[in-house]
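Undergrad: Pasting in a structure now, in structure tokens, and then I'll have a few things to ask.
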Amino acid sequence: MIIKEMLKFIKATCLTLLFVGFISPVYSATIKWSMPGDSLTLDPHAQNEGPTHMVSRQVYESLVTRGLDMSIEPQLATSWEATDPETWVFTLRDGVVFSDGKALRASDVEFSINRALSGASDMIELIESITSVKALSPSTVEIKTEGPNPILLNQLSQIFIMSEGWSKKNGCELPQDFNAEEATYCSSNANGTGPFKITLREQDTRTVFERNASWWGDQSQHNIDKIELLPINNDATRVAALLSGDIDFTNFTPAQDIERISGSSGHKVESTPQARTIFFGMDQGSDELRSSNIKGANPLKDKRVRLAMYHALDMDAIKDKVMRGLSEPAGMITFPGVQGYTKELDARLPYDPEKSKQLLAEAGYPDGFEITLDCPNNRYINDEAICVAAVGMFAKIGITVNLDSQPKSIHFKDLQNDLSDFYMLGWGVPTFDSHYVYSFLLTTGGSWNKVGYSDARVDELVGTMLTETNLDKRNANIAEAWAIVQDNMPYLPLHHQVISWGSKSNVDVPIRTNNEPLFRHAMVN
Amino acid sequence: MVNYFFIRLIQSVLVMLVVAFVAFSLFNYVGDPVHNMVGQEASTEKREEIREKLGLNDPVHTQFLRFVGNAVKGEFGLSYQLRRPVSDLIAERLPATLELVFISALIAIVSGVVLGVYTGINRDGFLSNIILILSLFGVSLPTFVIGILFIYLFSVILGILPSFGRGEVVDLGFWNTGFLTLSGIKAIILPSITLSLFQMTYIIRLVRAEMMEILQTDYIKFARARGIEKNTINFKHALKNGLIPVITIAGINVGTLIAFSIITETVFQWPGMGFLFINAVHFVDIPIMSAYLIMVAFIFVMINFIVDITYYIIDPRIRIKEEVSPE
């Protein structure tokens with residue numbers, strides 16, 4: 001039996017080789033893609049998580065989307081206008097069909113946005129300002145928001161549109177619930193309007209996408225007939241698989257292997273700053289630190305102490321030694337491309353340990369103090385190594401930092417429970433707008449504002465970011481808020497992460513700062 | 001007999017309950033599953049609502065009793081991460097792990113016995129020393145290092161075997177197997193050898209020691225004196241007796257292979273249960289973690305139970321003791 005199979009296989013292989021060799025010597029339109037984990041579910045509203053969106057994005061589309069350069073582009077909607085500050089009308093593209101052959105109608109959009117707003121959807125927080133969605137005609141949709149929402153388009157770029165008929169027929173009108181009995185059909189099947197459709201789904205092992213011939217878009221932008229997603233969790237194995245040719249492309253290339261891959265003939269690596277900034281948070285809200293030897297006072301309340309710690313960090317050294325050149329030292333806690341970012345604000349204050357000592361002495365801590373730094377060890381690129389390096393740098397100015405590094409599931413639990421004085425955190429901004437940074441990290445009582453930062457003027461400005469529709473005024477408000485924050489330094493900015501994509505030399509997938517590949521722009525030469 | 005059987009059964013159930021309880025108490029320290037289940041945007045209220053929904057706010061013993069109640073009915077709940085029934089997930093991955101463990105055990109036992117006998121007979125031979133030195137690497141090098149070395153040698157440099165995965169599998173309905181396709185057979189070679197090395201070394205040394213001891217015994221000397229052929233003495237008389245402890249150890253070690261397969265499966269991206277478990281640990285996917293631990297405990301308890309019963313049947317002393325002083 002086995003021998004028969006083997007003979008058959010050898011025969012088939014020889015025939016294939018003949019064909020590949022003589023008929024199409026260079027053209028191969030299959031791409032084998034790998035990342036450490038798989039999409040958690042094909043239900044596009046059930047998980048607001050990176051790899052899950054990366055998979056959904058090849059199959060599903062949204063009203064508007066981010067192009068290769070991350071700017072907002074029309075996708076299922078061709079045009080839109082705000083008829084009043086709280087009402088938007090979107091005109092849908094003609095001739096869009098789902099992969100099951102049904103045409104896209106405005107009622108599908110209405111259904112999808114309402115679905116993303118209900119039940120166990122993980123997208124609710126993102127679009128909670130939407131109060132109603134209504135199909136005005138088969139090709140126009142009206143969306144009303146609670147108060148004006150200048151970043152609605154940014155938010156809608158994350159909401160995928162499903163077919164109402166298909167979802168209802170298959171019993172998944174609502175996103176998969178946490179404590180349901182059964183998995184729903186939509187979590188393992190997909191029916192989108194996008195450039196690819198999923199033809200095989202084996203979770204954590206293999207997902208096969210094939211070209212959707214009825215896609216509305218420009219098929220000449222890519223030559224991919226088939227994508228195979230083969231998740232490989234172990235970094236070394238993934239690199240070995242790339243080098244041995246078992247995979248063609250990975251958007252997760254470990255920093256330590258970049259030289260190895262680009263040094264191999266037939267492979268290349270591309271890098272770009274990622275849409276994520278890493279920083280330290282310092283609890284300046286509590287009256288006494290939990291882990292410090294200073295009792296009855298909180299040294300971090302003193303701006304001079306925070307500045308002293310800033311000047312003590314040599315981020316260029318960390319870039320060279322810890323990150324192997326793959327980081328961009330940062331002076332603010334958000335990154336290029338976010339509305340409100342400027343190069344001037346992002347310039348770091350100089351590395352100056354002498355000044356640090358002087359500032360500490362002025363603040364009344366000439367001999368420094370003791371504090372515990374909480375650090376994750378499996379969340380950000382080289383997270384624990386960065387913390388180890390920082391501990392040494394703080395020691396030079398007399399601050400004794402005890403490092404407590406733990407897996408992310410414990411680190412973030414401790415943060416949520418307000419148990420940390422001093423911690424590492426990274427922040428990505430899916431909406432590419434400063435409001436996302438402020439509402440979580442810098443408003444009084446923000447859900448990730450674990451430093452206890454509170455400034456009445458900043459709170460007021462954050463309020464206007466949500467409602468001010470005059471863009472010039474809004475930008476001025478954002479700039480004012482950043483000026484206040486940069487002056488107070490509630491967080492110690494470290495660097496913007498840099499991501500790297502490795503592939504065979506003949507595979508071109510344009511790199512994007514949010515680490516999401518768009519195979520509708522990929523070419524295999 | 002029935003009495004003995006019954007006591008052993010009750011002991012097994014107790015062991016299972018203790019394992020389940022210890023595992024359950026540990027889950028409180030592995031982190032917060034809710035953080036991984038919702039996006040960073042989720043509000044504190046939403047997190048609390050989900051905790052309440054999942055019953056994570058109940059005291060440990062309440063959660064534990066609920067879990068045991070469901071487990072007895074064969075329900076392990078829905079994975080937090082994948083939102084699919086845990087029993088489905090385990091059923092999907094069990095074949096991959098069992099095939100890997102089966103092939104590894106086969107390699108370990110066959111080559112372990114062959115090499116053990118050889119080194120036992122040719123005690124100071126050149127080849128014997130080489131085998132023994134190499135086997136030292138097998139015990140001392142961690143599995144993941146061996147795995148990565150194999151991948152680099154056979155996939156990257158030589159390019160003859162796949163670097164990861166299970167190849168193409170054939171679904172037989174109740175079982176998905178990689179044994180029926182060439183890519184499946186090629187894919188199992190590296191992981192199974194990696195997994196078998198430790199056990200193989202163990203068996204080589206055990207068989208060698210047994211052989212050396214038996215070859216010194218009187219009945220072997222008499223056999224030699226009677227002029228019986230050397231191979232007959234070595235294999236028919238000596239090896240047969242030497243194998244009894246090996247079989248016992250090898251049987252119990254199948255359980256260990258299943259436990260060890262976690263690392264091998266991670267290195268080779270082998271879609272088995274160990275891999276599922278490791279992912280669940282990173283995600284704090286309590287339903288998968290508890291189901292896996294219960295299953296592994298069950299396998300160990302079953303093997304021990306069978307071994308105990310077998311001893312009872314084989315070894316008359318246990319029976320006699322019971323008959324003389326019934327407990």
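The values are calculated or read from the model by the stated rules, or taken from the named source; none is laboratory data. Remember, it's a predicted structure, so these values are computed and weren't measured experimentally. Cβ sites come from the backbone with ideal geometry, for glycine too, and all protein chains shown count toward neighbours.
Undergrad: Could we say that B:Val156 is within 14 Å of chain A (Cβ to nearest Cβ), free of Cβ contacts under 8 Å to residues at least 12 places away in the same chain and crowded, with 17+ Cβ neighbours inside 10 Å here?
TA: Here the answer is yes, as B:Val156 does meet what is asked.
Undergrad: Can you tell me how many residues in the range A:55-79 are buried (at least 20 other Cβ atoms within 10 Å of the Cβ) and either modelled with pLDDT under 90 or not polar (S, T, N, Q) (or both)?
TA: Residues in the range A:55-79 being buried (at least 20 other Cβ atoms within 10 Å of the Cβ) and either modelled with pLDDT under 90 or not polar (S, T, N, Q) (or both): 10 in total.
Undergrad: What tally of residues in the range A:150-173 results from selecting those that are out of contact with any helix residue (DSSP H, G or I) (no Cβ under 7 Å at 6 or more places or on another chain), over 15 Å from A:Val64 (Cα atoms) and either of a type in the set (A, V, I, L, M) or in contact (Cβ under 8 Å) with a residue 12 or more places away in the chain (or both)?
TA: Summing the residues that are out of contact with any helix residue (DSSP H, G or I) (no Cβ under 7 Å at 6 or more places or on another chain), over 15 Å from A:Val64 (Cα atoms) and either of a type in the set (A, V, I, L, M) or in contact (Cβ under 8 Å) with a residue 12 or more places away in the chain (or both) in the range A:150-173 gives 2.
Undergrad: If a residue has to be in a helix (DSSP H, G or I), farther than 22 Å from A:Ala275 by Cα and either β-branched (Val, Ile, Thr) or in contact (Cβ under 8 Å) with a residue 24 or more places away in the chain (or both) to count, how many in the range A:322-357 make the cut?
TA: So the first thing to find is which residues in the range A:322-357 are in a helix (DSSP H, G or I), and the list is A:322, A:343-346, A:353-357.
Then drop every residue that is not farther than 22 Å from A:Ala275 by Cα, which leaves A:353-357.
Going one step further and asking which of them are either β-branched (Val, Ile, Thr) or in contact (Cβ under 8 Å) with a residue 24 or more places away in the chain (or both), we end up with A:353, A:355-357.
So the answer is 4.
Undergrad: Continuing with the same structure: Only one residue in A:Asp225, A:Asp218 is among the charged types (D, E, K, R) and either within 26 Å of the chain's Cα centre (by Cα) or more than 27 Å from B:Pro271 (Cα to Cα) (or both). Which one? Steps first, answer last, please.
TA: On the way: A:Asp225 fails: either within 26 Å of the chain's Cα centre (by Cα) or more than 27 Å from B:Pro271 (Cα to Cα) (or both).
Sole residue among the options that is among the charged types (D, E, K, R) and either within 26 Å of the chain's Cα centre (by Cα) or more than 27 Å from B:Pro271 (Cα to Cα) (or both): A:Asp218.
Yes or no, residue by residue, for (1) at pLDDT 85 or above; (2) closer than 13 Å to B:Val117 by Cα:
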{"position": "B:Glu210", "(1), (2)": "yes, yes"}
{"position": "B:Asn234", "(1), (2)": "no, yes"}
{"position": "B:Asn241", "(1), (2)": "no, yes"}
{"position": "B:Ile263", "(1), (2)": "yes, no"}
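Undergrad: Right, another one. It is to be established whether one or more residues within the range A:405-413 are within 14 Å of another protein chain (Cβ to nearest Cβ), assigned to a strand (DSSP E or B) and among the aliphatic types (A, V, I, L, M).
TA: From the range A:405-413, those within 14 Å of another protein chain (Cβ to nearest Cβ) are A:405-413; that's our starting set.
Filter once more, so that each one left must be assigned to a strand (DSSP E or B): A:405-406.
Now restrict to residues that are among the aliphatic types (A, V, I, L, M): none.
Scanning the range A:405-413 turns up no residue that is within 14 Å of another protein chain (Cβ to nearest Cβ), assigned to a strand (DSSP E or B) and among the aliphatic types (A, V, I, L, M).
Undergrad: Follow-up question, since we're still on this one. Look through the range B:184-217, keep the residues that are of a type outside the set (A, V, I, L, M, F, W, C) and over 24 Å from the mean Cα position of the chain (by Cα), and return whichever of them is nearest to the other protein chains (Cβ to nearest Cβ). Give the derivation first.
TA: Filtering the range B:184-217 for residues of a type outside the set (A, V, I, L, M, F, W, C) gives B:184, B:186, B:191-192, B:194, B:196, B:199, B:201-202, B:205, B:208, B:210, B:213, B:216-217.
Add one more test, that the residue is over 24 Å from the mean Cα position of the chain (by Cα), and what stays is B:210, B:213, B:216-217.
Values: B:Glu210: 35, B:Glu213: 40, B:Gln216: 44, B:Thr217: 43 Å.
This residue is B:Glu210.
Undergrad: Still on this structure: Go over the candidates B:Val145, B:Val101, B:Val60, B:Val114 one by one and state the one that is away from chain A (no Cβ under 14 Å), surrounded by fewer than 17 Cβ atoms within 10 Å (Cβ to Cβ) and under 25 Å from the mean Cα position of the chain (by Cα). Break it down into steps so the answer makes sense when it comes.
TA: Details: B:Val145 fails: away from chain A (no Cβ under 14 Å); B:Val101 fails: surrounded by fewer than 17 Cβ atoms within 10 Å (Cβ to Cβ); B:Val60 fails: under 25 Å from the mean Cα position of the chain (by Cα).
So the residue among B:Val145, B:Val101, B:Val60, B:Val114 that is away from chain A (no Cβ under 14 Å), surrounded by fewer than 17 Cβ atoms within 10 Å (Cβ to Cβ) and under 25 Å from the mean Cα position of the chain (by Cα) is B:Val114.
Undergrad: Okay, next question. Could you check the range B:57-77 and list, in sequence order, the residues that are in contact (Cβ under 8 Å) with a residue 60 or more places away in the chain and either of a type in the set (D, E, K, R) or closer than 15 Å to B:Ala23 by Cα (or both)? Quick ask: steps written out before the conclusion?
TA: Step one: list which residues in the range B:57-77 are in contact (Cβ under 8 Å) with a residue 60 or more places away in the chain, which gives B:67, B:71, B:76-77.
B:Phe67, B:Ala71, B:Phe76, listed by residue number.
Undergrad: Looking at B:Ala96, B:Ala91, B:Ala71 in this structure, which one is hydrophobic (A, V, I, L, M, F, W, C), within 14 Å of chain A (Cβ to nearest Cβ) and surrounded by fewer than 18 Cβ atoms within 10 Å (Cβ to Cβ)?
TA: Numbers: B:Ala96 fails: surrounded by fewer than 18 Cβ atoms within 10 Å (Cβ to Cβ); B:Ala71 fails: within 14 Å of chain A (Cβ to nearest Cβ).
Within the list B:Ala96, B:Ala91, B:Ala71, the selection yields B:Ala91.
Undergrad: Also, quick follow-up: In the range A:400-436, what count of residues is obtained for those that are crowded, with 20+ Cβ neighbours inside 10 Å and on the phi > 0 side of the Ramachandran plot?
TA: The number of residues fulfilling the criteria is 1.
Undergrad: With respect to A:Pro44, determine if the residue is at pLDDT below 95 and part of a loop (DSSP other than H, G, I, E, B). Before you say what the answer is, go through the steps one by one.
TA: Working: at pLDDT below 95: yes; part of a loop (DSSP other than H, G, I, E, B): yes.
Considered against the rule, which asks whether it is at pLDDT below 95 and part of a loop (DSSP other than H, G, I, E, B), A:Pro44 comes out as yes.
Undergrad: State which residue is surrounded by the most Cβ atoms within 10 Å (Cβ to Cβ) when the search covers only the range A:437-479 and only residues that are within 14 Å of chain B (Cβ to nearest Cβ) and in contact (Cβ under 8 Å) with a residue 60 or more places away in the chain.
TA: Checked the range A:437-479; the qualifying residue surrounded by the most Cβ atoms within 10 Å (Cβ to Cβ) is A:Val437.
Undergrad: Right, something else. Can you tell me which condition B:Met37 does not meet? The list is (1) without any contact (Cβ under 8 Å) to a residue 40 or more places away in the chain; (2) of a type in the set (A, V, I, L, M, F, W, C); (3) in contact with an Asp or Glu (Cβ under 9 Å, 6 or more places away or on another chain); (4) at the interface with another protein chain (Cβ under 8 Å from one of its Cβ atoms), and all the others hold.
TA: Single failed check for B:Met37: (1).
For every residue, the table says whether it meets (1) among the hydroxyl-bearing types (Ser, Thr, Tyr); (2) crowded, with 17+ Cβ neighbours inside 10 Å; (3) within 14 Å of chain B (Cβ to nearest Cβ); (4) in a strand (DSSP E or B).
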| position | (1), (2), (3), (4) |
| --- | --- |
| A:Ala213 | no, no, no, no |
| A:Trp216 | no, yes, no, no |
| A:Ala241 | no, yes, yes, no |
| A:Ile247 | no, yes, yes, no |
| A:Thr253 | yes, yes, no, no |
| A:Gln274 | no, yes, no, yes |
| A:Phe279 | no, yes, no, yes |
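Undergrad: Restricting the range A:218-230 to residues that are crowded, with 16+ Cβ neighbours inside 10 Å and within 16 Å of A:Arg57 (Cβ to Cβ), which is nearest to the other protein chains (Cβ to nearest Cβ)?
TA: Among residues in the range A:218-230 that are crowded, with 16+ Cβ neighbours inside 10 Å and within 16 Å of A:Arg57 (Cβ to Cβ), the one nearest to the other protein chains (Cβ to nearest Cβ) is A:Leu229.
Undergrad: Continuing with this model, one more query. Is one or more of the residues making up the range A:373-386 of a type in the set (S, T, N, Q), at negative phi and at pLDDT below 95? It would help to see each step written out before you state the result.
TA: The initial filter retains those residues of the range A:373-386 that are of a type in the set (S, T, N, Q), namely A:377-378, A:382.
Now restrict to residues that are at negative phi: A:377-378.
This time we only want the ones that are at pLDDT below 95, so: A:377-378.
Yes, the range A:373-386 contains a residue that is of a type in the set (S, T, N, Q), at negative phi and at pLDDT below 95.
Undergrad: Quickly run through the range A:373-398 and pick out the residues that are within 14 Å of another protein chain (Cβ to nearest Cβ) and under 18 Å from the mean Cα position of the chain (by Cα).
TA: Step one: of the range A:373-398, the residues within 14 Å of another protein chain (Cβ to nearest Cβ) are A:374, A:376-380.
A:Pro376, A:Asn378, A:Arg379, A:Tyr380, listed by residue number.
Undergrad: Still on this structure, please answer the following. Tell me which residues, restricted to the range A:481-524, are in a loop (DSSP other than H, G, I, E, B), closer than 29 Å to A:Ser34 by Cβ and in contact with a helix residue (DSSP H, G or I) (Cβ under 8 Å, 6 or more places away or on another chain). Before the answer, list the steps.
TA: Filtering the range A:481-524 down to residues in a loop (DSSP other than H, G, I, E, B) leaves A:489-490, A:505-506, A:509-518, A:522.
If we keep only those that are closer than 29 Å to A:Ser34 by Cβ too, we end up with A:505-506, A:509-518, A:522.
Correct list: A:Val509, A:Pro510, A:Asn515, A:Glu516, A:Pro517, A:Leu518.
Residues checked against (1) more than 14 Å from every other protein chain (Cβ to nearest Cβ); (2) farther than 15 Å from B:Met289 by Cβ:
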site	(1), (2)
B:Val13	yes, yes
B:Met16	yes, yes
B:Phe24	yes, no
B:Phe27	no, no
B:Ala42	no, yes
B:Arg47	no, yes
B:Ile50	no, yes
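Undergrad: Related question: Mind counting the residues in the range A:259-281 that are in contact with a Lys or Arg (Cβ under 7 Å, 6 or more places away or on another chain) and on the phi < 0 side of the Ramachandran plot?
TA: 3
Undergrad: Just need a number here: residues in the range B:6-18 that are in contact with a helix residue (DSSP H, G or I) (Cβ under 7 Å, 6 or more places away or on another chain) and either more than 22 Å from B:Phe64 (Cα to Cα) or of a type in the set (Val, Ile, Thr) (or both).
TA: The number of residues fulfilling the criteria is 2.
Undergrad: Considering the range B:162-176 alone, what residues qualify as being surrounded by fewer than 18 Cβ atoms within 10 Å (Cβ to Cβ) and under 22 Å from A:Asn233 (Cα atoms)?
TA: Restricting attention to the range B:162-176, the residues satisfying the condition of being surrounded by fewer than 18 Cβ atoms within 10 Å (Cβ to Cβ) are B:167-168, B:170-175.
B:Gly167, B:Glu168, listed by residue number.
Undergrad: Among A:Glu164, A:Glu142, A:Glu125, A:Glu146, which is the only one that is at pLDDT below 95, over 24 Å from the mean Cα position of the chain (by Cα) and of a type outside the set (S, T, N, Q)?
TA: Answer to the check: A:Glu146.
Undergrad: Have a look at A:Thr184, A:Thr205 and point out the one that is within 14 Å of chain B (Cβ to nearest Cβ), more than 20 Å from A:Ile72 (Cα to Cα) and crowded, with 22+ Cβ neighbours inside 10 Å. Break it down into steps so the answer makes sense when it comes.
TA: On the way: A:Thr205 fails: crowded, with 22+ Cβ neighbours inside 10 Å.
Going through A:Thr184, A:Thr205 in turn, the sole match is A:Thr184.
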